[in-house]
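Step one of this worksheet: look at the structure below.
The values are calculated or read from the model by the stated rules, or taken from the named source; none is laboratory data. Given the structure is predicted, the values throughout are model-derived calculations rather than measurements. Here the Cβ positions follow ideal geometry from the backbone for every residue, glycine too, while neighbour counts run over all protein chains shown.
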């Protein structure tokens, strides 16, 4: 028992000594870090440089042929023959399909019969005119003879040769013939009008026949343009509804796949930046890591999602305008040479970057380096003003908003910060143009964003934040 007690005391002594060393080590590390801790806000910097900045507008949409024609039948009936398949090449005037023509052939035959009947009525009317004219000539001859007899009777009556009764009889005969002459002339005019009406009837029946013949011709569907059958919606034996009185059945579509475009929706905030022939980078989902070129060919004047009876005055709705972008065939020529004659199919998804402006050799800083603040003089003045200063007319709000804030950047000089008020121009995804005069040799603070947005101000103490790789190197 006497031999074991010294061992326990020795073990406790070593444990106490180890704990004391650990405590002293931790205390030393704490005081070392405290003495070597840098004062101020950790920042990162970079030199102000000149760059070329491209301002862009992004949008997404789908690919469509520049020219695509929907083929529908003007007449209703059964598709008795179909001469094309989807993907076939066709030329203008080529026969595509045929609608059952039997009913239309019968209608044309009835139309021809109506025309012949109308023409026979015209012939009868001309015959009636000729008969009335002959009757008139006969009456004229009779009237001429009656006038001569009446003149002779008047001379004989004066000489007392004939009685009053004989003279009155000859005068009455002349009056009767004159009335018959007027009736014959009226009959001629009536026959002429009847003939004129019959001729109009002929023209009407001929027009109806022409329409019936047109409907008969429409039973054969021909290609209005050259291109590719991009969509075929019918099969032989199906019935189609004509477009004469209602929306007809779409039979097929013919597209020119050699000339394709991207249709995208652009918001009202960006549409004012676009102009015709702006150059565009196009990314198609079907071709990864491939950039195609194009240019704007058409910009809509009216919003695409507001129109017709659905127009509302709610300004919360996003307003978009359709923009069409023609794809440059040279940019996908390599696919055509490789055997893919039509690399783009209608309906493919695509996203675009429209280059709206460019600034070459421009003074640029990172976007996150630019922040805003209320000017100090203005801030103090506003604190002393009454709440009534906020009562402004609506037209001054935008101008007031512009004057309330200034754009500033932070410059790293020695171990502190200086602010510079700047005026900015266009920007891309990473950099923004500085229009104000500024030295290129200055170190601009570019991070972290939390410091730039809330911690930094004129005279703030700062130090350069070391990269993690440098810190690891120092530890090694």
Query - Selected residue [at pLDDT below 90 and either loosely packed, with under 14 Cβ neighbours inside 10 Å or part of a helix (DSSP H, G or I) (or both)] from 29, 85 - result: 29
Report summary line: Every listed condition ((1) in a strand (DSSP E or B); (2) modelled with pLDDT under 85; (3) surrounded by 16 or more Cβ atoms within 10 Å (Cβ to Cβ)) holds for residue 463 save (3)
Report task. State whether one or more residues within segment 315-323 are at pLDDT 85 or above, surrounded by 11 or more Cβ atoms within 10 Å (Cβ to Cβ), more than 20 Å from the chain's Cα centre (by Cα) and over 17 Å from residue 66 (Cα atoms). Result -> no
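Residue-by-condition table, conditions (1) surrounded by 18 or more Cβ atoms within 10 Å (Cβ to Cβ); (2) without any contact (Cβ under 8 Å) to a residue 60 or more places away in the chain:
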site: 207; (1), (2): no, yes
site: 212; (1), (2): yes, no
site: 217; (1), (2): no, yes
site: 221; (1), (2): yes, no
site: 225; (1), (2): no, no
site: 232; (1), (2): yes, no
site: 236; (1), (2): no, no
site: 247; (1), (2): no, yes
site: 257; (1), (2): yes, no
Query raised in the report: All but one of (1) closer than 30 Å to residue 93 by Cα; (2) assigned to a strand (DSSP E or B); (3) free of Cβ contacts under 8 Å to residues at least 40 places away in the same chain hold for residue 252; which doesn't?
Result: (3)
**Report entry** Residue list for segment 152-171, restricted to those being surrounded by 12 or more Cβ atoms within 10 Å (Cβ to Cβ) and part of a helix (DSSP H, G or I)
**Finding:** 152, 153, 154, 156, 157, 166, 167, 168, 169, 170, 171
Report task. Just one of (1) modelled with pLDDT under 80; (2) over 30 Å from residue 274 (Cβ atoms); (3) surrounded by 13 or more Cβ atoms within 10 Å (Cβ to Cβ) trips up residue 405, so point out which. Result -> (2)
Query raised in the report: Can you spot a residue in segment 187-204 that is exposed (fewer than 15 other Cβ atoms within 10 Å of the Cβ), out of contact with any strand residue (DSSP E or B) (no Cβ under 7 Å at 6 or more places or on another chain), at positive phi and free of Cβ contacts under 8 Å to residues at least 24 places away in the same chain?
Result: no
**Report entry** Exclusive hit being farther than 30 Å from residue 438 by Cβ and without any contact (Cβ under 8 Å) to a residue 24 or more places away in the chain, set 99, 23, 71
**Finding:** 23
Query raised in the report: Can you spot a residue in segment 356-363 that is assigned to a helix (DSSP H, G or I), modelled with pLDDT of 85 or more and outside the structural domain of residue 432 (by TED's automatic domain parsing)?
Result: no
Report summary line: Within segment 132-162, the count of residues that are under 23 Å from residue 196 (Cα atoms) and touching a helix residue (DSSP H, G or I) at 6+ places or on another chain (Cβ under 8 Å) comes to 4
Report summary line: Within segment 88-137, residues being surrounded by fewer than 18 Cβ atoms within 10 Å (Cβ to Cβ) and in a loop (DSSP other than H, G, I, E, B) number 6
